[in-house]
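Right, one structure below, let's go through it.
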Amino acid sequence: MTPAEALRRIAFLLEWRGASPYRVRAFHTAADAVRDLPPGPVEAAQATRLHGVGPVTAEVIAQASTGAVPNYLARLQAETDPAAGAGWQLAAASTGDCHLHSDWSDGGSPIEDMADAARALGHQWAVLTDHSPRLTIAHGLSTERLESQLEAVAAVNSRMGPAFRLLTGIECDILDDGSLDQDEDLLGRLDIVVASVHSKLRSEREPMTARLLAAVRNPHADVLGHCTGRIITGRGRPQSRFDAEAVFAACAEAGTAVEINCRPERRDPPDDLLAQAAAAGCLFAVDTDAHAPEQLHWQSTGYARAARIGLGPDRLITTWPLDRLLTGRSSPR
């Protein structure tokens, strides 16, 4: 066991137990800090000199650097529901993330930084999904800007090497009639399209259902993003109303994955709808919707939710190898 693996596993178990996000983040920060340590034993005093490493995480690093299971981790594993092991296995099997943003739209970091962070987490791929034109508040990409971004992604991939690939994509606004907010030909050139509703979230049930049905049946739509649009922190926002049975059945039939959005303020869909989508036979994408590199750590919360309802890696496209992701979404389930 490496220090980084031990720290990530502790963070996951703390999340599973409902610990403070700040406490969880401390272990992820320490895992980032040990990334460039040479192999071999590390003294705790040496580890504390790393940025973001305190006495507790330093002791974990020191013990794991000898190949031992750190005492902190052993104690958590003994005290935590055994089902957490299935959640950790899913998180450890993650190959990518279908939903992240850069400073080309409303993210805070350059494309290169987002790609580097995803690769450092062990991802084989990640999808750049900046917003589409209608979302002007998020500096959505016009057709011309998206075409320019395709060139920028190609340039990033040229230096990343064969072990990681940044995929082209978009978080495409679902318009009032269910169509997607971008040129159809250009959508066809992208690797992954996440389709999401960002407007008129309090529409009546019938028009919202029709809107979602049209979107998930669109041959360009690969993932239905944050399907209820809810916000569960601060002032909050209620979830949109729609016929979930009909929408999830359409997703299952079309091969459009339902996103398990891991943003702390979203955690969308809610537990009841997540279970309903699972029962309908849907595929899922466990996505961070990250707008900064450190937010890529949020993905493990989605895998914990998936494990709690019994989902395995075959249903989670974010655990699939790249070739299956790009060719196998429409195969029979």
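If you go through region 58-73 and keep only what is in a helix (DSSP H, G or I), open to solvent by 10 Å² or more (accessible area, probe 1.4 Å) and either at pLDDT below 95 or closer than 17 Å to residue 19 by Cα (or both), you end up with just 72.
Looking only at region 243-254, decide whether some residue is touching a residue at least 24 places away in the same chain (Cβ under 8 Å) and in a loop (DSSP other than H, G, I, E, B). Yes, the conditions are met somewhere in region 243-254. The set of residues from region 123-147 being surrounded by fewer than 18 Cβ atoms within 10 Å (Cβ to Cβ) and under 22 Å from residue 292 (Cβ atoms) comprises 124, 136, 137, 139, 145. For region 188-201, the criterion of a residue being touching a strand residue (DSSP E or B) at 6+ places or on another chain (Cβ under 7 Å), closer than 24 Å to residue 323 by Cβ and open to solvent by 60 Å² or more (accessible area, probe 1.4 Å) is satisfied by no position.
The requirement of being surrounded by fewer than 23 Cβ atoms within 10 Å (Cβ to Cβ) and either of a type in the set (Asp, Glu) or at positive phi (or both) is satisfied by residue 178. Would you say residue 81 is in a loop (DSSP other than H, G, I, E, B), in contact (Cβ under 8 Å) with a residue 12 or more places away in the chain and touching a strand residue (DSSP E or B) at 6+ places or on another chain (Cβ under 8 Å)? In short, no.
Out of region 222-248, which residues are open to solvent by less than 50 Å² (accessible area, probe 1.4 Å), of a type outside the set (Ser, Thr, Tyr) and over 18 Å from the mean Cα position of the chain (by Cα)? 236, 242, 243, 244, 246, 247, 248 - these are the residues of region 222-248 that are open to solvent by less than 50 Å² (accessible area, probe 1.4 Å), of a type outside the set (Ser, Thr, Tyr) and over 18 Å from the mean Cα position of the chain (by Cα).
Tell me which residues, restricted to region 263-272, are open to solvent by 20 Å² or more (accessible area, probe 1.4 Å) and either of a type in the set (Ser, Thr, Tyr) or closer than 16 Å to residue 310 by Cα (or both). 271, 272 - these are the residues of region 263-272 that are open to solvent by 20 Å² or more (accessible area, probe 1.4 Å) and either of a type in the set (Ser, Thr, Tyr) or closer than 16 Å to residue 310 by Cα (or both).
Note on region 95-111: among residues that are assigned to a loop (DSSP other than H, G, I, E, B) and farther than 15 Å from residue 289 by Cβ, the one that is least open to solvent (accessible area, probe 1.4 Å) is 95.
The values are calculated or read from the model by the stated rules, or taken from the named source; none is laboratory data. If you're wondering where the values come from, they're calculated on a predicted model, not measured in any experiment. Neighbour counts run over all protein chains shown; Cβ positions are idealised from the backbone, glycine included. For the accessible areas, the whole protein counts, side chains as well, though only heavy atoms, and no ligand, DNA or RNA atoms are used. Shrake-Rupley method; radii C 1.70, N 1.55, O 1.52, S 1.80 Å.
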